[in-house]
Structure formats: structure tokens, C-alpha cells
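S.K.: Have a look at this one before I ask anything.
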Amino acid sequence: MSPRALAVLAAASLAITVLPNARAQVLSYRLPADLDDAPERERPPADDLALVQRDDWLGRDKAYHAGATFGLTLGAHVALTEGVGMEREAALPFAAMAVLGVGLAKEVADSRRAYRPLFSWKDLAADAFGAAVGVAVVSLSSR
């Protein structure tokens, strides 16, 4: 499969993952005038904690994680091979690790947010699945 075809496949998978149910949610928070006087982060109310703990293996967000990671893995591979000039076989582990690093950073950020903090190992598993499928597609396309 040509690099252009991989790039189109990556873009299509990201579009399918993001666009169908895309919606924006505006969360506003006024920063205090003096950041040193900012109150400590409050824990969500008890009824919100029940919602936080709900993290289904087959939830819609897992499909988003897998699809986005798949597309990003393909895109990162194309960027490394075409943009940087790396060999196809050498670029593949770098692309997968970079994308998994982004997924890990996202989960760390999710665990530190004030509203419904949650670090999800299940999201990371979905990320790993998407990256593995991306690696498989690139590996099979290079034969």
C-alpha cells in the first residue's frame, strides 16, 4: 500500500471516529484574580462519583479510542517515513510508541481534571488495540 493510501486511510479513520457524534461542551471556569489564592480542587459530589466509576469495556468511547489510535498510528508512520525519511520497518515502533504515549498523557490529564477525574486502564487497552491494528495494517501493506 502506498504512503498516500495509508495517509488517506488514517484520515478516514479519524473522520469516522470523530465526526459522527461530535459535539462541543462548554465548561466555563473563572480563574481567580490571584492564582496563589486559588482554592484546592474540590472532589465531585458523591452522586457524580458513581458516574465517574462507570467505565464499560464496550462503551462508545472505547471505539473512539481504538479508531483514533489506529488513525494516528497510520498517520505517524506516514509522517516518519515520508517526512523524516525513516525506513518503514524502523518507523513502525516509533509511530506506535508515540501514539501510545499520547494516549497515556491523555489519561493522566483525565485523572487530574476537576470534573469527573478518571484514569482509565480500559481506555489505554483500547488505545493499544487501535495501535496494534495500525501496526498490523502497515506490516501487511509492506509485503
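The values are calculated or read from the model by the stated rules, or taken from the named source; none is laboratory data. No experiment lies behind these values; they were computed from the predicted model shown. As a convention, Cβ positions derive from the backbone with ideal geometry for all residues, glycine included, and neighbour counts pool all protein chains shown.
S.K.: Which members of region 56-78 meet the condition of being within 30 Å of LEU118 (Cβ to Cβ), aliphatic (A, V, I, L, M) and assigned to a helix (DSSP H, G or I)?
M.R.: ALA63, ALA66, ALA68, LEU72, LEU74, ALA76
S.K.: Which of the residues belonging to region 79-124 are in contact (Cβ under 8 Å) with a residue 60 or more places away in the chain, part of a helix (DSSP H, G or I) and within 17 Å of ALA66 (Cβ to Cβ)?
M.R.: Answer for region 79-124, where residues must be in contact (Cβ under 8 Å) with a residue 60 or more places away in the chain, part of a helix (DSSP H, G or I) and within 17 Å of ALA66 (Cβ to Cβ): LYS122, ASP123.
S.K.: Tell me the residue from ALA125, ALA114, ALA33, ALA95 that is at pLDDT 95 or above and over 26 Å from ARG4 (Cβ atoms), please.
M.R.: ALA125
S.K.: Tell me, yes or no, whether region 73-85 has at least one residue that is at pLDDT 90 or above, of a type in the set (Asp, Glu) and under 29 Å from LEU140 (Cα atoms).
M.R.: Yes, that holds for at least one residue.
S.K.: Since THR69 meets every condition but one in (1) over 10 Å from ALA131 (Cβ atoms); (2) modelled with pLDDT of 95 or more, which condition does it not meet?
M.R.: (1)
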